[in-house]
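**Q** What follows is a structure written as structure tokens; I'll ask about it next.
The values are calculated or read from the model by the stated rules, or taken from the named source; none is laboratory data. The structure displayed is predicted, hence computed values, not measured ones. Here the Cβ positions follow ideal geometry from the backbone for every residue, glycine too, while neighbour counts run over all protein chains shown. What goes into the accessible areas is simple: the full protein's heavy atoms, side chains included, and nothing from ligands, DNA or RNA. Shrake-Rupley method; radii C 1.70, N 1.55, O 1.52, S 1.80 Å.
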Amino acid sequence: MFRGVAVSPGVVVGVARKVESLFATTTPEKWTTPDQAAREIERFDHAVEAATVELNLMVEKVKAEVGPAESDIFRSHLAIVRDPSLRARVHEGIKDRGLTAAGALVEVYQDYAVKFAKLGQERFRERMADIQDALQRIAAQLDLTAGVIAPSKTPAPSRFPGHLVDDTGGSDDLASSEDSTVTTRQDEPPLVLVAHELLPSQALGLGDMAIAGIVTEIGGSTSHAAILSRSKGIPAVSGVVGIMAVVKDGDPIIVDGREGLVQIRPEPESASAYRKLQREFVRIKDRLILPPERPAATQDGTPIELLANVNGPDDVIAALRAGAGGVGLFRTEYLFLAHHDFPDEDEQYEHYRRVVENAQGKPVTIRALDLGGDKSVPFLGQRHEANPALGWRSIRLVTEHARIFERQIRAILRAAAHGKVNLLFPMITHLEELKVLNRLVGDAIADLDRQGIPRGAHIKCGVMIEVPAAAIMIDAILRETEFISIGSNDLIQYLVAADRDNPKVAHLCDPLHPAVFRVIRSIIEACQRTGVPLTVCGEMAGQPRAALALLGLGARRFSMSPAFVPTIKTLLSSVSLAQAERFAHHVLQLKTSREIRAYLSDRLREVSPELAMLDFC
């Protein structure tokens with residue numbers, strides 16, 4: 001049995017499907033018939049030419065849209081792709097060692113990796129990253145999944161940018177999932193993805209796959225794999241070190257997303273017991289769900305606004321079906337991560353417009369670009385950072401990439417003509433940053449008006465409080481903004497000085513830490529004094545125990561994964577405001593996370609025993 005970090009509640013008994021990253025295979029694939037060698041060489045040459053055309057287009061587009069310096073990274077990739085020695089070595093691997101085009105590319109990559117690892121210097125690690133990116137582009141052109149070498153027996157590439165290892169010879173044809181409910185064909189067991197790590201860019205392709213659970217070796221309760229799992233309403237466990245070396249594709253597997261347990265090849269008795277628990281969990285969720293059209297309110301009638309965190313237009317539809325009253329956070333960076341180069345203003349406008357229109361007149365808060373850290377794109381010219389969470393990311397990119405933000409702001413203002421839109425600035429540390437961004441918005445409004453381009457007339461600008469410095473300076477920030485959103489995921493990791501994606505310290509990123517509640521209380525009280533609207537955002541908002549305390553502290557607007565809207569709505573209907581305030585007052589007297597967790601667990605069982613089974617924080 002493996003133990004990791006419980007990141008998304010629920011239980012599933014299914015089969016494992018390993019997800020390997022690019023070139024992770026140690027045995028390059030070989031061709032099977034003598035006449036295949038010529039075809040493989042031809043496939044590789046075509047892939048190189050296609051990658052060359054694509055890179056040339058990207059050089060010109062990034063140069064025009066972002067700047068000449070930022071296009072240099074693609075020029076370096078172009079030089080690697082067109083390197084005659086690369087072509088010669090791949091041809092040699094195909095002809096002399098019987099490798100497929102993909103297999104020969106893997107072999108070349110592995111040789112580079114060994115040589116550069118021996119050099120050890122930072123500049124050589126960066127050069128290796130360029131080589132990997134360039135070879136990924138060739139691999140993508142080998143009629144494969146975006147950047148991943150898939151086995152030739154796979155009938156069609158998946159949109160998921162990871163190699164779905166198929167040790168059993170089975171098909172990748174999976175049923176689709178809808179409304180956060182995982183469905184598979186009746187004769188198929190549920191599918192559980194097992195991976196070393198799921199990056200944000202990899203997670204984008206999972207929407208079309210019927211996934212019943214996720215297990216990763218890296219990450220904590222607020223990692224992107226965790227956020228993805230909760231948005232889909234499926235159980236997940238992160239930080240399961242060493243599981244990739246043990247699990248085989250097709251292995252029976254149990255995932256317990258409440259206790260953080262994973263079993264591979266379980267005994268029949270254990271599998272039977274967990275299947276019973278799985279059915280009970282589903283029954284409880286179904287029984288607790290209130291009608292989506294019923295307004296969210298406490299037991300004594302205090303209205304509460306429940307909003308959804310979304311990544312794209314389709315998520316908005318699912319959120320409204322779940323009963324969300326609008327979009328509290330639209331993460332725009334996923335458009336950039338999924339894009340083959342750089343989305344221009346018109347592309348962004350169309351994407352944002354669809355989100356706004358799908359909200360059907362309900363409010364939509366659009367977060368400005370939050371790239372960097374673990375969400376990097378090559379056109380920013382980013383390189384390895386020793387501590388990316390504290391590095392060159394999010395709003396900090398404005399100093400060098402003002403044009404990117406100017407175009408995005410214009411696109412958001414244009415989309416605001418189609419509904420109720422708010423604009424949210426993340427990662428604010430200094431008041432000067434906020435003033436610069438407000439000026440960019442003012443300039444964009446003037447430009448659109450001068451050009452006669454329709455825009456929203458009443459867009460509000462707000463600040464996401466994620467950095468402790470901003471929380472401390474909340475009174476000054478409130479004089480320069482129209483609303484506040486507490487970004488609990490990053491705020492927690494910065495408060496406790498622990499990387500939420502590092503399994504060694506992820507347990508420190510505890511939403512029930514007493515310091516978290518005290519900081520949030522100070523933010524809420526400042527907003528109450530000034531009348532500035534406040535939303536609690538992040539995964540904390542969708543966790544029943546945490547939500548009980550947040551409600552008592554004065555939060556009246558929550559934004560969470562769509563899958564948790566029904567749960568929190570049910571919780572609110574089970575507790576009075578006076579009860580919640582009493583709970584919060586007691587929480588503020590406690591000194592440890594353990595005490596707070598035990599106290600809130602008892603209170604949750606009091607107000608709704610069944611809801612306690614659905615909590616995970």
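**Q** I'd like the accessible area for Lys420, computed on protein heavy atoms only with a 1.4 Å probe and all protein chains in place. Round to 10 Å², please.
**A** Surface accessible to solvent at Lys420 totals approximately 130 Å².
**Q** Quick one: if you stick a label point 7 Å off each Cα along the C-beta vector at Arg75 and Glu188, how many nm between them?
**A** 4.7
**Q** At q = 0.12 Å⁻¹, what base-10 log of I(q)/I(0) does the Debye formula yield for region 476-554 when every alpha carbon is treated as an equal point scatterer in vacuo?
**A** Debye output, listed in q order: -0.35.
**Q** Placing +1 at every Lys and Arg Cβ and -1 at every Asp and Glu Cβ, with all other atoms neutral, what dipole size does region 294-584 have around its Cα centre, in debye to the nearest 20?
**A** Dipole size: approximately 740 debye.
**Q** While we're looking at this one, here's another question. Mind ranking 514-527, 79-92 by how tightly packed they are, going by the mean number of other C-beta atoms within 10 angstrom, highest first?
**A** Top of the packing list down: 514-527, 79-92.
**Q** Next up: Using per-residue counts of other Cβ atoms within 10 Å, averaged over each peptide, order 558-565, 502-509, 532-539 from highest down.
**A** Values: 558-565: 27.6, 502-509: 18.1, 532-539: 23.8.
By packing density, highest mean first, the sequence is 558-565, 532-539, 502-509.
**Q** Provide the solvent-accessible area of Thr32, counting protein heavy atoms only and rolling a 1.4 Å probe, rounded to the nearest 10 Å².
**A** Number for this one is 120 Å².
**Q** Using a 1.4 angstrom probe on the protein heavy atoms only, could you order Ser272, Ser574, Ser238 from most to least accessible area?
**A** Output order, biggest surface exposure first: Ser272, Ser574, Ser238.
**Q** For region 294-337, just run the numbers: alpha carbon Rg, then divide by 2.2 N^0.38 Å, N being how many residues it has. Provide the component values of the computation, followed by the final result.
**A** Working: Rg = 12.8 Å, N = 44, 2.2 N^0.38 = 9.3 Å.
Working it through for region 294-337, the quotient is 1.38.
**Q** If you split all Cα-Cα distances of region 29-84 into 10 Å bins from zero, what percentages do you get per bin, shortest first?
**A** Here the calculated profile for region 29-84 is 23, 36, 22, 13, 5.
**Q** Mind ordering 135-141, 473-479 by average Cβ neighbours within 10 Å, highest first?
**A** Sorting 135-141, 473-479 by mean packing, highest first, produces 135-141, 473-479.
**Q** Please report the accessible area of Ile472 (heavy atoms, 1.4 Å probe, ligands and nucleic acids excluded) in Å², nearest 10.
**A** About 140 Å², ignoring ligands and nucleic acids.
**Q** While we're on this one: Report Rg(Cα)/(2.2 N^0.38 Å) for region 477-617, keeping two decimals.
**A** Relative to the 2.2 N^0.38 Å estimate, region 477-617 comes out at 1.01.
**Q** I've got another one for you. Out of every Cα-Cα pair in region 294-584, what percent are more than 31 Å apart? Before the final figure, lay out each step's value.
**A** On the way: 10683 of 42195 pairs.
Roughly 25 percent, rounded to a whole number.
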